[in-house]
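Novice: Pasting in a structure now, in structure tokens, and then I'll have a few things to ask.
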Amino acid sequence: MSLYRFKSRETGDLVMTSTHGQRLLEILGKDPSGPGIVLPEQMPGAIEAIRQAIAAEEAELKRLTEEAAARGEPPPDFDAVSLRMRSVPFIDMLKRCQQAGVEVVWGV
């Protein structure tokens with residue numbers, strides 16, 4: 001299993017499995033296939049993009065659960081750890097790095 005290691009001079013490294021790291025990078029509009037960087041001035045937009053993705057995921061899960069209930073079926077199985085929970089450490093890293101004025105890098 002490959003991993004993403006997000007690094008900054010302000011925080012410790014943040015390690016994610018490739019599936020979850022790739023999803024966050026795609027939410028940010030970053031190319032997950034190679035090294036990259038989030039600059040401090042990009043961090044507010046990055047945090048907002050993640051928050052919007054969380055809201056969209058939660059709305060979709062609610063819709064699917066309600067549809068199953070309306071059909072008299074059990075709710076579908078979802079990933080036990082939601083995007084909201086997975087993204088908390090990454091959002092914290094972005095906030096701390098923005099405040100310190102340092103970038104977050106990966107794949108370097």
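Nothing in this text is a laboratory measurement; each read-out follows from the coordinates by a stated rule. Model, not experiment: these values are computed from the prediction. Virtual Cβ from ideal backbone geometry, glycine too; neighbours counted across all protein chains shown.
Novice: With charges only on Cβ, +1 for K and R and -1 for D and E, what is the dipole size of the chain about its Cα centre, in debye, rounded to 20?
Specialist: 320 debye
Novice: ³J(HN,Hα) across the stretch 57-69 via Karplus (A = 6.51, B = -1.76, C = 1.60, θ = phi - 60°), whole Hz, x for Gly/Pro?
Specialist: Along the stretch 57-69, the couplings run 5, 5, 5, 5, 4, 5, 4, 5, 5, 5, 5, 5, 4 Hz.
Novice: Separate question: Please list, by residue number, every one of the trypsin sites (Lys or Arg not before Pro) in the stretch 4-108 that is coil in DSSP and has at most 13 other beta-carbon atoms within 10 Å.
Specialist: Arg9, Arg71
Novice: For the chain, with the dipole built from +1 on Lys and Arg beta-carbon atoms and -1 on Asp and Glu ones, taken about the Cα centre, which of Gly12, Leu24, Leu64 lies farthest toward the positive end?
Specialist: Sorting the options by dipole projection puts first Gly12.
Novice: Another question, if that's okay. What does the convex hull of the alpha-carbon atoms of the stretch 3-106 project to on average, in nm²?
Specialist: 6.7 nm²
Novice: What ³J(HN,Hα) values, in whole Hz, does the Karplus curve 6.51 cos²θ - 1.76 cosθ + 1.60 give for the stretch 84-91 when θ = phi - 60°, with x put for Gly and Pro?
Specialist: Values, residue by residue: 4, 5, 5, 8, 3, x, 6, 4 Hz.
Novice: Could you give each residue of the stretch 14-28 its phi-based ³J(HN,Hα) in whole Hz, using Karplus coefficients 6.51, -1.76, 1.60 with θ = phi - 60°, and x for Gly or Pro?
Specialist: Along the stretch 14-28, the couplings run 10, 10, 9, 5, 4, 4, 7, x, 5, 4, 4, 5, 5, 4, 7 Hz.
Novice: What FRET efficiency comes out for Val15 versus Glu73 if R0 is 35 angstrom and r is the Cβ-Cβ distance? Round to the nearest 0.05.
Specialist: Efficiency, rounded to the nearest 0.05: 0.40.
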